[in-house]
Amino acid sequence: MIEKKIIMDGREVPFKTSAALPRLYRQYFSSDIFIDLNNIRTKVGKNKKAELPPTALSTIENLAYCMAKHADPSISDSVEEWLAQFSTTTVYMAAQQIMEMWNEEQKMLSTPKNRQGR
């Protein structure tokens, strides 16, 4: 589990990742976060300067919302209401930090536990 506060429009917004995040994403958006993020990676490939596909922006907004809702369950159940409190580009400017949290969580999940002396 990773928790972090990211500055968005001059204020700290809490975000959280854990094994529950993919389930929350499915619950709110009826989609699989692993597939959605893999689609972005596939379309962008190794070209970091490639233009993001239109669906990528929605995926980033949805992931940010789920991570914020996971950290603070009292926020609105509407992603649109949550997004409305920020300026247009705020979530995209925070996207790198959000993706870093996601990637770090995935590394933690994929790291093998101590193999009992093997």
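Laboratory data are not the source of any read-out in this text; all were calculated from the coordinates shown. Because the structure is predicted, anything quoted here is derived from the model rather than measured. All Cβ positions, even for glycine, are placed from backbone atoms using ideal geometry, and neighbour counts span all protein chains on display.
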Report task. Just check the range 19-97 against the gyration tensor rule for me: Cα atoms, a ≥ b ≥ c as the square roots of the eigenvalues, rounded for a/c under 1.5, and otherwise prolate or oblate depending on whether a/b exceeds b/c. Result -> oblate
**Report entry** Likely footprinting exposure, Val91, Val44, fewest C-beta neighbours within 10 Å first
**Finding:** Val44, Val91
